[in-house]
Amino acid sequence: MDAKKRIRELMEERGWTEYRLAQESGLSQSTISNMFNRNNAPTLPTLEAICGAFGITLVQFFSEGDEANALTEEQQALFAKWSTLTDEQKKILLNLMSTM
């Protein structure tokens with residue numbers, strides 16, 4: 001599997017730029033840029049941060065075909081929305097869910 005290609009696919013699904021990925025993952029802009037422009041393979045910690053930004057696990061990242069869609073459509077929609085929230089919004093939502 002080409003990890004950089006998979007990251008690009010996930011970015012395109014969300015309409016994210018390299019800058020947005022850096023912001024969401026907590027990685028530096030140069031780390032993201034170097035990964036794509038200097039042909040640097042992402043390290044495991046970098047992949048973990050990127051997966052966290054996308055709201056997926058490493059297993060989901062590396063799953064191919066139907067395995068990657070093990071989540072229901074409703075769960076996928078929830079994760080897609082989750083990944084667009086700010087950290088503060090995520091905290092608020094988690095607190096709300098804890099009270100239910």
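Summary of values
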item	result
Output for segment 34-51, where each listed residue is within 14 Å of the chain's Cα centre (by Cα) and either surrounded by 10 or more Cβ atoms within 10 Å (Cβ to Cβ) or hydroxyl-bearing (Ser, Thr, Tyr) (or both)	PRO42, THR46, LEU47, GLU48, ALA49, ILE50, CYS51
Residue in segment 15-29 that is part of a helix (DSSP H, G or I), out of contact with any Gly (no Cβ under 7 Å at 6 or more places or on another chain) and closer than 14 Å to ALA3 by Cβ present	yes
Cβ-Cβ under 7 Å pairs, at least 6 apart or on other chains, segment 34-55 side within 29 Å of ALA77 (Cβ to Cβ), far side of a type in the set (Val, Ile, Thr) and assigned to a loop (DSSP other than H, G, I, E, B)	CYS51/THR57
Qualifying residue in segment 64-74 (condition: within 12 Å of the chain's Cα centre (by Cα) and among the charged types (D, E, K, R))	no
Condition broken by GLN75, with the remaining ones in (1) surrounded by 15 or more Cβ atoms within 10 Å (Cβ to Cβ); (2) part of a helix (DSSP H, G or I); (3) free of Cβ contacts under 8 Å to residues at least 12 places away in the same chain; (4) of a type outside the set (Lys, Arg) satisfied	(1)
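The numbers here are math on the coordinates, done by the rules we state, and not lab data. Values in this document were obtained by computation on a predicted structure and should not be read as measured data. Counting neighbours? That spans all protein chains shown, and the Cβs are built from the backbone with ideal geometry, glycine included.
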